[in-house]
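The values are calculated or read from the model by the stated rules, or taken from the named source; none is laboratory data. Keep in mind that what you see is a predicted model, and the values were worked out from it rather than measured. Don't worry about glycine lacking a Cβ; one is built from the backbone with ideal geometry, like all the others, and counts go over all protein chains shown. Ligands, DNA and RNA are stripped out before the accessible areas are found, and what is left, the full protein with its side chains, is counted by its heavy atoms. Shrake-Rupley method; radii C 1.70, N 1.55, O 1.52, S 1.80 Å.
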Amino acid sequence: MSKYRLFLLRHGEGAWNKENRFCSWVDQKLSEDGVKEAQDCGRLLKERGYKFDLVFTSILSRSIQTAWLVLEAMGQEWVPVVKSWRLNERHYGSLIGLNRAEMALQHGEEKVKLWRRSYDIAPPPIDESHPYFLEIYNDRRYTTCDVPKENLPRAESLKEVLDRLLPYWDSTVVPEIRKGRTVLIAAHGNSCRALLKHLEGISDEDIASVTLPTGIPVLLELDENLKPVKPRQLLGDQAKIQAAIKKVEDQGKAKPTT
């Protein structure tokens, strides 16, 4: 029987999602479509009568902006929002800023899929010659982390995302859920996928086929041991959700040159 409800949400579409580029730790705001996705998500949750007690986000603007827009659309702007770098998107290392489809043409779709979807393979690390290195590591938000800046990731596999996320989940999020609070985690595709892998016991192989579209809330109903009592539910129009999933899966495919 369900004792707790947890909601996961991949942020609305960002400017670089639209351009099919690896955004990762570069701080991008939502696109116009992303703003609408977040607002539509909030309206859907309000129509269904859900109420949040606490929201967790990463420290990237697109995650925070999504949470704000969802709460505004629900009329719940007063709900506390707690931010942590441990919910950040996966660090894509030297791939940051590159176009996925162009990379598929250059390296092959299988290699790009490995970088994007494999569990324990990290892309090549970012270094100081990378055009976005200083923008990321000189950003003041990373002086607020619970680890020294020099110990922050330079590239991550999904396994490494889960490794840095789990201590925060166990120490900070779980106690709130156990108090009976309804929690929304408004984060990123890979931080949400990592958490799903942990909660649902998804295998290292099967996690590669788990896709979360932007702006679609995921409802998890959990028992007293925080294990799901039923399959995750992606809330909303199911035909639109399937189309959005296909769009995400197609991002790593080579576009034919004209």
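Quick check: at a probe of 1.4 Å, how many percent of the accessible area of the range 1-86 sits on carbon and sulfur atoms?
49 percent
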Hey, can you grab everything whose amide H is under 5 Å from the amide H of Arg90? Only 5+ residues off in sequence or another chain; H modelled, so Pro and N-termini drop out.
Asn190, Ser191
Projected onto the charge dipole of the range 105-194 (unit charges on the beta-carbon of Lys, Arg, Asp and Glu, signs +1, +1, -1, -1), the Cα from Gly180, Tyr142, His130 with the largest positive-side position is that of Gly180
Using a Cα-Cα cut-off of under 16 Å, which lysines could be cross-linked to Lys111, ignoring same-chain neighbours fewer than 8 residues away?
Lys253, Lys255
Lys and Arg at +1, Asp and Glu at -1: add these up for the other residues within a Cβ distance under 10 Å of Leu219 and post the number.
+3
Projected-area average for the range 123-258 over all orientations - Cα convex hull basis, square nanometres
11.6 nm²
Determine the gain in length on full extension of the stretch Gln242-Glu135; use 0.36 nm per residue of separation and subtract their C-alpha separation, reporting nm with one decimal.
35.0 nm
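Starting from the Cα-Cα distance between Val210 and Glu249, subtract it from 0.36 nm times their residue separation and give me the gain in nm to one decimal.
Full extension from Val210 to Glu249 adds 13.1 nm.
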Separation of the His198 and Lys36 label points, Cα + 7 Å toward Cβ, nm:
3.5 nm
Note, the range 212-222: 3J(HN,Hα) by Karplus (6.51, -1.76, 1.60, θ = phi - 60°), whole Hz, Gly/Pro = x, goes 10, x, 5, x, 10, x, 10, 9, 10, 9, 10
Provide the FRET efficiency to the nearest 0.05 for the Glu176-Asn99 pair, computing r from the beta carbons and using R0 = 41 Å.
0.60
For Gly14, other-chain or 5+-apart residues with amide H closer than 5 Å (H placed, Pro excluded) are Ser31
Rounded accessible area per residue of the chain, 1.4 Å, Å²:
47 Å²
Cross-link list Lys18/Lys197; Lys29/Lys179; Lys83/Lys247; Lys3/Lys149: which exceed 31 angstrom alpha carbon to alpha carbon?
Lys29/Lys179; Lys3/Lys149
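Convex hull over the Cα atoms of the chain, averaged projected area in nm²?
Result: a mean projected hull area of 13.8 nm².
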Cα centre as origin, Lys/Arg/Asp/Glu Cβ charges: the range 148-258 dipole, Debye
360 debye
Label zone at Val82 (point 7 Å along Cα-to-Cβ), backbone N below 18 Å, the range 1-22
4-9
Relative contact order computed over the chain (Cα-Cα under 8 Å; 6+ residues apart), in percent:
31 percent
Which value in deg cm²/dmol, rounded to the nearest 500, describes the helix-derived mean residue ellipticity at 222 nm for the chain, given -39,500 (n - 2.57) per DSSP H run of n ≥ 4 and division by the residue count?
-11000 deg cm²/dmol
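Quick check on packing: order 141-148, 76-83, 156-163, 58-65 by the mean number of other C-beta atoms within 10 Å, highest mean leading.
In descending order of packing, they fall as 58-65, 156-163, 76-83, 141-148.
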